Amino acid sequence: MAQLLTHSKLTIPSENNESAKLKDYLELCKIKVIALLVLTAVIGAALAPDMGRGYIEQLLSLLGIGLLSSSAAVINHIVDSRIDAIMARTKNRPIVKKRVSRNRALLFSGLLATCGFALLVFFANWLTAYLTLFALLGYAVVYTLYLKRATPQNIVIGGLAGAMPPLLGWVSETGVLSAQPWILVMIIFTWTPPHFWALAIHRRADYAKANIPMLPVTHGIEYTKTCVLLYTVLLTLVCVLPFLIHMSGYIYLFSALILNGIFIYKAILLKVSSHNRNAFALFKFSILHLTLLFIAFFIDKLLI
């Protein structure tokens, strides 16, 4: 019995450590963010012309997009580890706390990128593979290494890389660039600034402490609130475009108008309030907004 207890004491921590390691590596991948990106890629693929591809090919193509996007997320953790240690929101991330070394994270990122690129080459096409790699470099290098630290318009300029998944999904099906998926890219591109600036208002002190020139730090919170409101109005106009070009039907249109109406209402509340408590609520709703908007796209496509 004593030997059994001793053996149990030795093995249980090992299992816990393995579970903790897996959790750390999943955190490096920013799974929730990647899930939303892959959802938009799914819609891009669903809206593309039917090319007779099998479900296995489609799923493996989407997995490739997800793996390359995860690789970019890991690089973001590596590059931002110094400022992550300063900010309350990110101070417990795996690399900051040395639960995962920078070298292991870099190796993990390379493995994800290699597997993702290979899946896209074999199960989609070379164009999708190169476009996804371009998006990875845009986010991990251009945005994270340079733009984030260089200009308060960082999220506007760098937002294109994060807006690419619908185009990637479309191209994975067709193998060619078309005008229609760029409308979906425009939606995410326009959605990104109010989404991120709401979080930046909520975490202004953190960004100021880390010396990151986010808009609320460089231009003030009131100016940022105005920009958030203007962008939500612009987003509403962009979201109507798919219906105007007959890319979607009335289910999507009504969903878009309702969701954007709520978005504008919350942006107005943020603008007129004397405190900033509504900023985080707006940030959380923006995630729900984009998720439901693209689900409405999918339902509309199924019923047409």
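FYI, it's all coordinate maths here, none of it is from the lab. Since the model is a prediction, treat every value here as computed from it, not as a measurement. No Cβ is skipped: glycine too gets one built from the backbone with ideal geometry, and neighbour counts run over all protein chains shown.
Here are the numbers for this structure:
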{"item": "Estimated translational D of region 241-297 in µm²/s (Stokes, Kirkwood radius over Cα pairs; 37 °C; 0.692 mPa s)", "result": "269 µm²/s"}
{"item": "Length-normalised contact order for the chain - Cα pairs under 8 Å, 6+ apart - percent", "result": "19 percent"}
{"item": "Largest to smallest principal axis extent of the C-alpha atoms in region 29-162, angstrom", "result": "50, 32, 22"}
{"item": "Sequence-distant residues sharing a close amide H with Lys30 (under 5 Å, placed H)", "result": "none"}
{"item": "Net charge of Cβ neighbours under 13 Å - reference Tyr223; Lys, Arg +1; Asp, Glu -1", "result": "+2"}
{"item": "Cα-projected label distance for Phe122 with Ile86, points at 7 Å along beta-carbon direction, nm", "result": "4.4 nm"}
{"item": "Relative contact order of region 26-169, defined on C-alpha pairs under 8 angstrom at six or more residues apart (%)", "result": "35 percent"}
{"item": "Other-chain or far-sequence residues with amide H under 5 Å of Ser248's (modelled H)", "result": "Phe243"}
{"item": "Cα pair distances exceeding 26 angstrom across region 179-304, given as percent", "result": "25 percent"}
{"item": "Ranked packing of 229-236, 176-183, most packed first, by mean Cβ within 10 Å", "result": "229-236, 176-183"}
{"item": "Residues Thr90, Thr224 arranged by fewest to most Cβ contacts within 10 Å", "result": "Thr90, Thr224"}
{"item": "In nm, spacing of pseudo-spin labels at Val176 and Gln153 (7 Å Cα→C-beta vector)", "result": "3.4 nm"}
{"item": "Stretchable slack from Val240 to Asn276, in nm (0.36 nm times residue separation minus alpha-carbon distance)", "result": "10.0 nm"}
